[in-house]
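What follows is a set of notes on a single structure, which appears directly below.
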Amino acid sequence: GHSLGGGLANLFAFRTAQLMAKGDESVKFLPKRVKTMTFASPCVGNFDYNAEFQELEQKGFLRHVRIANEGDVVPTNAIYPPFSIAIKGNTKVYTQNGVNLFLKPEEKLVVDYRNTKSMRSQTDLFNNR
């Protein structure tokens, strides 16, 4: 999934993996491991969500690979005004999950787990790159 679709793909994969872990009949015909790849996906879960997400990964029910570009504000947390006006709640509690491939112009690819970036760190206005 891409952008908002990536957020929805993350939620769908998580819920499907939860059902698989419980042995739910509704997912019995799906592959044993849910795999999802997202591009510029927003943060969709808090720290509790991420803890369960990691547990599902460790048990082999779930794998998530995220791809993000430096300078892209969509896959960030800590959204500041005026952008935060459209968002309910504290965005600082949202965190990324899965393996992150972080693309930086003219630099080596950064591969890390989670690697949540704040909105401020991704904007030229405040980063002075």
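The values are calculated or read from the model by the stated rules, or taken from the named source; none is laboratory data. As the structure is a prediction and not an experimental result, all values here were calculated from the model. Quick reminder, even Gly has a Cβ in these numbers, built from the backbone with ideal geometry, and neighbours come from all protein chains shown. Calculation scope for accessible area: heavy atoms of the full protein, side chains included, ligands and nucleic acids excluded. Shrake-Rupley method; radii C 1.70, N 1.55, O 1.52, S 1.80 Å.
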> Points 7 angstrom from Cα along the Cβ direction at ASN90 and LYS22: gap in nanometres?
Replying inline: 2.9
> So for TYR49, TYR113, what's the accessible-area order with a 1.4 Å probe, most first?
Replying inline: TYR113, TYR49
>> What distance in nm separates the two pseudo spin-label positions at HIS2 and ARG63, each 7 Å out from Cα along the beta-carbon direction?
In response: 2.4
>> As a test of reading the structure, rank GLU55, GLU70, GLU106, GLU25 by solvent-accessible area (1.4 Å probe, protein chains only), most first.
In response: GLU106, GLU25, GLU55, GLU70
> Contour minus end-to-end for GLU106 and ASP72, with contour as 0.36 nm per residue of separation and end-to-end as the Cα-Cα distance?
Replying inline: 10.7 nm
> Among all the lysines, which ones have a C-alpha under 27 Å from LYS108's C-alpha, if same-chain residues fewer than 8 places away are not counted?
Replying inline: LYS35, LYS117
